[in-house]
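Below: one structure, written as structure tokens.
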Amino acid sequence: MANGPAPFSEIGKRARDLLYKDYNFDHKFIFSVPNSTGLGLTATGLKKDQFFVGDISGLYKSGNVAVDVKVDTHNNVSTKVTLNDVFHSKKVALSFNIPDHKSGKLDVQYLHPHAAIDSSIDLNPAPRLELSAAIGSKDISIGGEVGFNTTSASFTKYNAGIAFNKPDFSATLMLADKGEALKASYIHYVDRPDELTVAAELAHKLSSFENRFTIGTSQLIDPKTVLKTRFSDDGKAAFQCQRAWRPNSLITLSAEYDSTKIFGSPAKFGLALSLKP
């Protein structure tokens, strides 16, 4: 719904994306081949230390149906079938892994002009249940989520949050980690030609009174290049430079410096290449 609230998982996402998205300190390669007939293929490879892992996935779309199949280097097959716009405002997804016959999962999303509800259940004899909901509008929303393990009869998670959104800024407050942490985030879009954006996140542990603070920025160096920076109170500083060297193809360089690291190299570097013909 264009004027309805976003799902609960979207609360605080704008700030999280600026601070953490696409930061990669390994070597990563993504090759995507879209297809006008509805079938797209994507190959992903990741080299971490001396290990290499990868997967190949195919996404087929036809009308309201989308089928996503992924095969990784360990011969695991993940499949997800999604039905969009079921009964006008619902989305249903069925996912499962092979050879894990207990991995089946059913997700249902319902969108309303004043509410967004997501639910999921494992398709096995001892299912885990998850439910999240947000009510309000696109400008202000409040919501929560719970997870329940039927085997141990215990809650696996319960969180709550509120979001206030405007075109030039977004502010959120979350009670997370089963009520053990209070997290606040803020992102502001500055009216400048370089599209400068500033985001900050503050986390407070209620039991230990520990505080964590992270601030970051994003701005255009030129129409094809984005520079991001991130600083945290634990002495780490990171930057990311992402350039669209051709349409839909990106090269991303990430680096992080840990000023508290005494032994070993205090710096980490990563390179990611995404190609799309």
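The values are calculated or read from the model by the stated rules, or taken from the named source; none is laboratory data. It should be emphasised that the depicted structure is a prediction, and the values quoted were computed from it without experimental measurement. Using ideal geometry, Cβ is built from the backbone for each residue, glycine included, and neighbour counts are taken over all protein chains shown.
Tabulated values for the structure
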{"quantity": "Tabulated pairs, the range 16-35, first in contact (Cβ under 8 Å) with a residue 24 or more places away in the chain and of a type in the set (Gly, Ala, Ser), second surrounded by 15 or more Cβ atoms within 10 Å (Cβ to Cβ) and not in a strand (DSSP E or B), C-beta under 9 angstrom, 6+ apart or interchain", "calculated": "Ser32/Lys276"}
{"quantity": "Selection within the range 63-78 - touching a Leu at 6+ places or on another chain (Cβ under 9 Å) and surrounded by fewer than 14 Cβ atoms within 10 Å (Cβ to Cβ)", "calculated": "Asn64, Val65"}
{"quantity": "Sole exception among (1) over 21 Å from the mean Cα position of the chain (by Cα); (2) assigned to a strand (DSSP E or B); (3) surrounded by 14 or more Cβ atoms within 10 Å (Cβ to Cβ) for Phe155, by number", "calculated": "(3)"}
{"quantity": "Residue ID - nearest to Asp177 (Cα to Cα), chosen from residues in the range 110-140 that are in contact with an Asp or Glu (Cβ under 9 Å, 6 or more places away or on another chain) and among the small types (Gly, Ala, Ser)", "calculated": "Ser132"}
{"quantity": "Residue list for the range 122-134, filter: among the hydrophobic types (A, V, I, L, M, F, W, C) and either at pLDDT below 95 or surrounded by 17 or more Cβ atoms within 10 Å (Cβ to Cβ) (or both)", "calculated": "Leu123, Ala126, Ala133, Ala134"}
{"quantity": "Strands (runs of 3 or more DSSP E) enclosed by the range 201-277 - at least 1 residues per element that are in contact with a helix residue (DSSP H, G or I) (Cβ under 7 Å, 6 or more places away or on another chain) and among the basic types (Lys, Arg)", "calculated": "225-232"}
{"quantity": "Selection within the range 173-191 - part of a loop (DSSP other than H, G, I, E, B), under 18 Å from Arg14 (Cβ atoms) and of a type outside the set (A, V, I, L, M)", "calculated": "Asp191"}
{"quantity": "Search result, residues across the range 18-59 that are exposed (fewer than 14 other Cβ atoms within 10 Å of the Cβ) and closer than 29 Å to His112 by Cβ", "calculated": "Lys21"}
{"quantity": "Hey, Ser120 in a strand (DSSP E or B) and hydroxyl-bearing (Ser, Thr, Tyr) or not", "calculated": "yes"}
{"quantity": "Test: residue in the range 101-118 that is in contact with a Gly (Cβ under 8 Å, 6 or more places away or on another chain), polar (S, T, N, Q) and surrounded by 14 or more Cβ atoms within 10 Å (Cβ to Cβ)", "calculated": "no"}
{"quantity": "Residues located in the range 249-264, provided they are without any contact (Cβ under 8 Å) to a residue 60 or more places away in the chain and either surrounded by 17 or more Cβ atoms within 10 Å (Cβ to Cβ) or not hydrophobic (A, V, I, L, M, F, W, C) (or both)", "calculated": "Ser249, Leu250, Tyr257, Asp258, Ser259, Thr260, Lys261, Gly264"}
{"quantity": "Members of the range 129-152 found to be in a strand (DSSP E or B) and charged (D, E, K, R), listed by number", "calculated": "Glu130, Glu145"}
{"quantity": "The lone exception for Ser9 - which of (1) at pLDDT 85 or above; (2) farther than 28 Å from Gly143 by Cβ; (3) loosely packed, with under 15 Cβ neighbours inside 10 Å it fails", "calculated": "(2)"}
